[in-house]
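The values are calculated or read from the model by the stated rules, or taken from the named source; none is laboratory data. Keep in mind the model is a prediction, meaning the values are calculated, not measured. Note that each Cβ is placed from the backbone with ideal geometry, even for glycine, and that neighbours are counted across all protein chains shown.
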Amino acid sequence: MSEKILSRNFDRANASTLAGYRESGGYTAWDTARTMEPAALVDLVKKSNLRGLGGAGFPTGMKWSFIPKDHAGPVYLVVNADEGEPGTFKDRYILERDPHALIEGMVIAARAIRCKLGFVYIRGEYVQPWRIFSGAVREAREAGLLGEHFDIVVHRGAGAYICGEETGLISSLEGKKGWPKVKPPFPAIKGAFGMPTIVNNVETLACVPHIVNRGAEWFAALGSKTQGGTRLYSVSGRVKRPAVYEAPVSVTLRQLIYDYAGGVSHTGKLKAVVPGGSSAPLLTADQIDVTMDVDGCRNAGTMIGSAGIVVFDESVSIPDALMVVARFYAHESCGQCTPCRESTGWIYKMCKRIVDGKGRKDDLDTILDVAKRGAGTTICAFYDGAIGPYISYIEKFRAEFEELIHRGGPEMAPQTPQRSARPGEAGTHLGHA
């Protein structure tokens, strides 16, 4: 197991308080950063190879550098704490168990981008994280760490998955419907309230104090060639020890499943893995020797996303699993773009028809055709993410779908072996968000 960095305070009873955070060296990075020029901080983060840990994996220092140097008005920092990706639950650990790590990261980032006001957009269902983090903000303000030079507004979302997309989040923050915006212009040029804005994930900013304290070279050396550091992996589903694990980004998926999470539970036989949250294309049991960084997953035909790992054992029905995912995307589409609004609904209905034993021979090809035709045609990446499971589940386990269509489903063919429970029914656990 690697050195605990992001998770070093998770098991300390008083780590969520200012006093407890200071006991572990908290805010010493801010003491250093406040003496540094903004450009030097940006350069430090660039050299560390820190990449966004919320989904897209964009280089953090490079994103900070996009703020116009000649802008005379306000600049905003927005923290994406929405964490709505199914199978992902790592940011809530930081918000609940080490909230000052995020605050310190925000204060340092604010200096780097010359910002005086930050917003933390917290998922509406995260009641306890919101309470704890809001208390930490009050403590920091009373201690003079926040205030005139930089302050934080904590904003609760209303339970929409689309508000995890940075421009949809900004729309919601502005009091509008949470619809994504056309890019360009990107938020760093025109973001919240029309001003230059940097949007970063909770975990991303929690890394920043460690980079300041221990150096860019140290952080970069922890990871792979193109991505530095460790990260938090949410591991759930059919594993013996579901939990949040911290590991270098060079760790393999096999190591996370067997060395960290104790191996496959239930039947004990691995069938497939969702490696980066529900929108990541599925990997089969023979594809798990992949490094869990941005480029490693991309080279394997999937994505690391939010690092939400959901493990399927051999008893899990892939058609049922796809139906659950398709139902989620049909429900969560914001409806702004026609290909996404219509296609997610159609695909869910076809998946349900197959699972209900009423599938048609051409359903699978129709799903694949609709999914692929819609790629790259929408304002945001929601639909491009949704087609990851649509395509990968069917292409990698087509025989399982065809068998279900051929026999008309278990209700119509009682002489055949019954399929396993659907995800969400008794006997099945496919993780949680």
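Would a scan of segment 324-335 turn up a residue that is buried (at least 24 other Cβ atoms within 10 Å of the Cβ) and assigned to a strand (DSSP E or B)?
Within segment 324-335, not a single residue is buried (at least 24 other Cβ atoms within 10 Å of the Cβ) and assigned to a strand (DSSP E or B).
Can you go through PHE382, PHE397, PHE401 and tell me which one is crowded, with 18+ Cβ neighbours inside 10 Å, within 30 Å of PHE186 (Cα to Cα) and in contact with a helix residue (DSSP H, G or I) (Cβ under 8 Å, 6 or more places away or on another chain)?
PHE382
When segment 194-225 is examined, which residues are found to be under 23 Å from PRO74 (Cα atoms) and touching a residue at least 40 places away in the same chain (Cβ under 8 Å)?
MET195, PRO196, THR197, ILE198, VAL199, ASN200, ASN201, VAL202, THR204, LEU205, VAL208
Being among the acidic types (Asp, Glu), surrounded by 24 or more Cβ atoms within 10 Å (Cβ to Cβ) and outside any loop (DSSP other than H, G, I, E, B) is the filter here, so list the residues in segment 67-101 that pass it.
Listed by number, the list holds a single entry, ASP91.
Within segment 303-323, can you find the residues that are buried (at least 23 other Cβ atoms within 10 Å of the Cβ) and either within 20 Å of GLY84 (Cα to Cα) or within 20 Å of the chain's Cα centre (by Cα) (or both)?
Matches in segment 303-323: ILE304, GLY305, SER306, ALA307, GLY308, ILE309, VAL310, VAL311, PHE312, ALA321, LEU322, MET323.
How many residues does segment 57-66 contain that are surrounded by fewer than 17 Cβ atoms within 10 Å (Cβ to Cβ) and either touching a residue at least 60 places away in the same chain (Cβ under 8 Å) or more than 23 Å from MET195 (Cα to Cα) (or both)?
1
How about segment 10-21: which of its residues are under 24 Å from GLY262 (Cβ atoms) and buried (at least 16 other Cβ atoms within 10 Å of the Cβ)?
PHE10
Which of the residues spanning segment 246-267 are touching a Lys or Arg at 6+ places or on another chain (Cβ under 9 Å) and either in a strand (DSSP E or B) or more than 23 Å from LEU205 (Cβ to Cβ) (or both)?
Matches in segment 246-267: GLU246, ALA247, PRO248, TYR260, ALA261, GLY262, GLY263, VAL264, SER265, HIS266, THR267.
Go through segment 278-294 and report how many residues are within 26 Å of PRO59 (Cα to Cα) and either modelled with pLDDT under 95 or among the polar types (S, T, N, Q) (or both).
Result for segment 278-294: 3.
Under 7 Å by Cβ, and 6 or more places apart or on different chains, what pairs join a residue from segment 24-52 that is within 20 Å of LEU146 (Cα to Cα) and touching a residue at least 60 places away in the same chain (Cβ under 8 Å) with one that is part of a loop (DSSP other than H, G, I, E, B) and not acidic (Asp, Glu)?
Every condition considered, the pairs that remain are TYR27/LEU145; PRO38/ARG114.
Given the condition in the same structural domain as LYS396 (by TED's automatic domain parsing), among the aliphatic types (A, V, I, L, M) and touching a residue at least 60 places away in the same chain (Cβ under 8 Å), answer yes or no: does some residue in segment 350-360 qualify?
Checked segment 350-360: at least one residue is in the same structural domain as LYS396 (by TED's automatic domain parsing), among the aliphatic types (A, V, I, L, M) and touching a residue at least 60 places away in the same chain (Cβ under 8 Å).
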